[in-house]
1. How high is the FRET efficiency from Ala140 to Phe17, r the C-beta distance, R0 22 Å, rounded to 0.05?
2. Taking region 1-97 on its own, what percent of its Cα-Cα pair distances exceed 17 Å?
3. Among Leu158, Tyr100, Ala70, which residue has its Cα positioned farthest towards the positive end of the charge dipole of the chain, with +1 placed on the Cβ of Lys and Arg, -1 on the Cβ of Asp and Glu, and the dipole taken about the Cα centre?
4. Can you tell me the orientation of helix 58-77 relative to the chain, as the angle in degrees between its alpha-carbon axis and the longest Cα principal axis, to the nearest 10?
5. How much area per residue is accessible in the chain when the probe is 1.4 Å and only protein heavy atoms are counted (Å²)?
6. Can you put Tyr100, Tyr165, Tyr18 in order of accessible area, largest first, using a 1.4 Å probe?
7. GluC sites (Glu not before Pro) within region 74-168: which are DSSP loop residues with at most 11 other Cβ atoms inside 10 Å?
8. Among Leu150, Leu23, Leu54, which one shows the biggest mean-square fluctuation in a GNM of the chain, springs joining Cα atoms closer than 10 Å?
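The values are calculated or read from the model by the stated rules, or taken from the named source; none is laboratory data. Everything numeric here is computed off the predicted structure, so don't read it as measured data. Note: ideal-geometry Cβ built from the backbone for every residue, glycine included; neighbour counts use all protein chains shown. Only protein heavy atoms, including side chains, enter the accessible area calculation; ligands, DNA and RNA are left aside. Shrake-Rupley method; radii C 1.70, N 1.55, O 1.52, S 1.80 Å.
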Amino acid sequence: FFRDRLTPFFHPSYLSFYLCMALIFFWQLKNAAQQKLTRWEFVHLFLILLIITLLSSKAGWIGLVLIATAFSIYLIRIKRMYKTVLLISVGGLFVFGSLYFTVTEFQRRIDGAWNALTAQEIDAASQESSTVRRLIWKAATIKAEEGGMLGYGTGSALDTLAAKYREY
């Protein structure tokens, strides 16, 4: 995976989100103009999907799944293109399965994200970004409950949140 090589200027998650937004805009523009895709547009779409995959950003992957789900619902409910959705779904599952079972980095990222999001106990020593976020959410939730409606004020909010996070 090339997440560090594809984005020398900013975080891979940001580029993934930008590309997901490009997919949404492209879909909207083509749909509004009621135009068919050209050969070069298929190449561009393939490259965008490939780059999102190779960036290895969990947020980008989640965005891609949400876009694919919305697009599938659109194709089924509006366009009545059942076979196309089935073909795209089978192809997507084949690509995902191939990557999952052949590329160790891909499998590690997927398993790590799944474990971080579904684990009942949070491992405070983990460096996984999803685990760190869950600890921050937990600390923020507790501090919000303790602070009530008035909260902590802009000056001490960061200090109290950081102290609670360090406890975990």
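1. Numbers: r = 22 Å, r/R0 = 1.02.
The computed FRET efficiency comes out at 0.50.
2. 55 percent
3. Ala70
4. 50 degrees
5. Result: 74 Å² of accessible area for each residue.
6. Tyr18, Tyr165, Tyr100
7. When the GluC sites (Glu not before Pro) of region 74-168 are filtered for loop state and at most 11 Cβ neighbours within 10 Å, Glu121 remain.
8. Leu150
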